[in-house]
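Working notes, structure below.
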Amino acid sequence: MISVIMSTYNRGKKISRSVESILQQTVRDIEFIICDDCSTDDTYSTLQKIAKSDNRVKLIKNEHNMGLQKSLNRCLSQCNGDYIARMDDDDFSLPDRFETQLKFLQDNPEYSFVGSNADEVFDDHSLVTDLPSHPDEFDLIKRNPYVHPSIMMRASVIKAIGGYSEAINHLRVEDYELWMRLYKNGYKGANIKRPLVEYSKSFTNTKFLDRKNTIRLVHQYIFAFNLPIFYEYINVLTAAKLLVPAKLKRLIRLI
């Protein structure tokens, strides 16, 4: 069985499409664990209606806003499947996503998790990511080589390393930190080159804190991976790039 985990907050207008894309997967043997992080709109009531019509949906409701890291760990604590898949509340999974990823993990036992390329949907256009098929530590240092809502993991692996970090300096980089920690502990991941998810993204959704935490995380794992000092210079260049405002980077692309 595949356990699907999602945290949501105030997504009443979009969440039905995301949830239905999971419930309509060609692989039917799933449980869908959704944590509502104390939404103030109709998100939870919308989920209750869906759960009444499909008993594969299991709901958790936080009494106060706990954030993504803790909400995902609450979901993990309720998982019963051999595999755990991620989904975000404003994204869309293609119908054969789970079938494709499950076959990959069953055919390739040396890999602990698998993601995919994604169709990144912006406000006024979309583009397809081009992620490495078999990211190594060097790829991890250069950029986050995985799209979080495209990931399927072996449940035994993510539980063995303690789930998502809840540290405040990993806020909004909890996925990137997880991949780093998995690799540090000898686990490897891969990407399916075909896009299996539509991933909502904005040029303005990367905050200064995200950038700061990313720089700090990369610095930490350059030394954890025993990489050459050269990669510290790459981190400096990455830091400079991250500190450029998103709107300015978009303007430069259009020139």
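For the reader, a short list of remarks on this structure follows.
- Residue-level analysis places Val157 outside the set of residues that are under 27 Å from Lys212 (Cβ atoms) and not charged (D, E, K, R).
- Residue, surrounded by the fewest Cβ atoms within 10 Å (Cβ to Cβ), within the stretch 77-89, restricted to residues that are in a loop (DSSP other than H, G, I, E, B) and in contact with a helix residue (DSSP H, G or I) (Cβ under 9 Å, 6 or more places away or on another chain): Asn80
- From Lys13, Lys61, residue being of a type in the set (Lys, Arg) and either touching a Cys at 6+ places or on another chain (Cβ under 7 Å) or modelled with pLDDT under 95 (or both): Lys13
- Annotation: of all residues in the stretch 113-171 being of a type in the set (Gly, Ala, Ser) and in contact with a Phe, Trp or Tyr (Cβ under 7 Å, 6 or more places away or on another chain), the one that is nearest to Thr100 (Cα to Cα) is Gly115.
- Residue match in the stretch 51-61 (condition: assigned to a loop (DSSP other than H, G, I, E, B) and touching a residue at least 12 places away in the same chain (Cβ under 8 Å)): yes
- Residue selected from the stretch 181-208 under the condition among the polar types (S, T, N, Q) and modelled with pLDDT of 95 or more, by the criterion surrounded by the fewest Cβ atoms within 10 Å (Cβ to Cβ): Asn185
- Note on the stretch 90-114: residues that are over 12 Å from His148 (Cβ atoms) and either touching a helix residue (DSSP H, G or I) at 6+ places or on another chain (Cβ under 7 Å) or basic (Lys, Arg) (or both) amount to 8.
- Residues that are assigned to a helix (DSSP H, G or I) and closer than 20 Å to Gln78 by Cα within the stretch 7-29 comprise Val19, Ile22, Leu23, listed in sequence order.
The values are calculated or read from the model by the stated rules, or taken from the named source; none is laboratory data. Bear in mind the structure is a predicted one, so any value in this text is a computation, not a measurement. Heads up, the Cβs are rebuilt from the backbone with ideal geometry, glycines too, and the neighbour counts pull from every protein chain shown.
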